[in-house]
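J.: One structure follows; several queries about it will come next.
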Amino acid sequence: MKDKLLQAARDVMQHAYVKYSHFPVAAALALSDGRIVTGVNIENASFGLTNCAERTALYKAYSEGVKKEDIVAILVTTPKSFLVSPCGACRQVMRELIPEQADVYLVDAQDRVTHLKNIDLLPYGFTEDDL
Ligand code: THU
């Protein structure tokens, strides 16, 4: 499953809209029915409006009817030879939209993989239980 996710993410990396950072990121979600939903980062001249690859993939998936419990894994990759890990904003969104125990794979250009669980990205995160 991880290999298919990695291939899907690398296939869409070319669509990353990275005019300003020249730092493409691609994400791929694995769904329980075998489907994969991908996303890339999309930047803006007003830098703060940039949407990271993880959030693009998640918002695409949810807008197509995917539910939290359908998501079993997310993979994030860049063409860099070092680990890239989700930013704080993405961790907060992932905490809400992906199950706690879903697998998170962070993969670099040399296929080195860091594997963890979604809950581990944001300990003590803010959730609906805090409202
Ligand atoms: N970026 C992502 O897409 N995901 C992350 O988790 C980290 C950062 C993007 C945002 C921006 O387009 C570029 O990487 C450089 O920050």
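The values are calculated or read from the model by the stated rules, or taken from the named source; none is laboratory data. All of these numbers come straight from a predicted model, not from anything done at the bench. Because the Cβ atoms are built from the backbone with ideal geometry, glycine has one as well, and the counts that use them run over all protein chains shown. The area values use the complete protein model at the heavy-atom level, side chains included, leaving out ligands, DNA and RNA. Shrake-Rupley method; radii C 1.70, N 1.55, O 1.52, S 1.80 Å.
J.: Using a Gaussian network model of the chain with C-alpha springs under 10 Å, which one of Phe82, Phe23, Phe47 is most mobile by mean-square fluctuation?
T.: Taking springs between Cα atoms under 10 Å, the residue moving most is Phe47.
J.: Using a 1.4 Å probe over the heavy atoms of the protein chains, calculate the carbon and sulfur portion of the accessible area of the chain as a whole percent.
T.: 54
J.: What does the charge count around Asp120 come to, taking other residues whose C-beta lies under 14 Å from its C-beta (Lys +1, Arg +1, Asp -1, Glu -1)?
T.: Combined, the nearby Lys, Arg, Asp and Glu give +1.
J.: Would you tally the net charge around Ile71, using a Cβ to Cβ cut-off of less than 14 Å, leaving Ile71 out, and scoring K and R as +1, D and E as -1?
T.: After counting each charged neighbour, the total is -1.
J.: Name the shape class, rounded, prolate or oblate, that the alpha-carbon gyration tensor gives for the chain, where a ≥ b ≥ c are the square roots of its eigenvalues, rounded holds for a/c under 1.5, and otherwise prolate holds if a/b is larger than b/c and oblate otherwise.
T.: rounded
J.: How much accessible area per residue does the chain have, counting only protein heavy atoms and a probe of 1.4 Å, in square angstrom?
T.: Counting only protein heavy atoms, the per-residue value for the chain is 54 Å².
J.: Rounded to the nearest 500, what is the 222 nm mean residue ellipticity of the chain from helices alone, with -39500 (n - 2.57) per DSSP H run of 4+ residues and division by all residues?
T.: Mean residue ellipticity at 222 nm (helix-derived): -8000 deg cm²/dmol.
J.: Moving on. Rank Ala26, Ala102, Ala45 by mean-square fluctuation in a GNM of the chain with C-alpha springs under 10 angstrom and give only the top-ranked residue.
T.: Judging by the Gaussian network model, the answer is Ala45.
J.: OK, next. Subtracting the Cα-Cα distance from 0.36 nm times the residue separation, let me have the gained length for Asp129 to Tyr59 in nm, one decimal.
T.: Gain on stretching Asp129 to Tyr59: 23.0 nm.
J.: Right, next: Can you say what percent of the DSSP beta bridges in the chain, counting only those with both residues inside, are antiparallel? Round to 5.
T.: DSSP beta bridges in the chain are roughly 75 percent antiparallel.
J.: Give me the one-decimal nm value for the distance between modelled label points at Lys80 and Gln14, 7 Å along each residue's Cα-to-Cβ direction.
T.: Distance between label points: 2.3 nm.
J.: Test of understanding: in a Gaussian network model of the chain with alpha carbons linked when under 10 Å, which of Glu64, Glu96, Glu54 would top the mean-square fluctuation ranking?
T.: Residue with maximal mean-square fluctuation among Glu64, Glu96, Glu54: Glu64.
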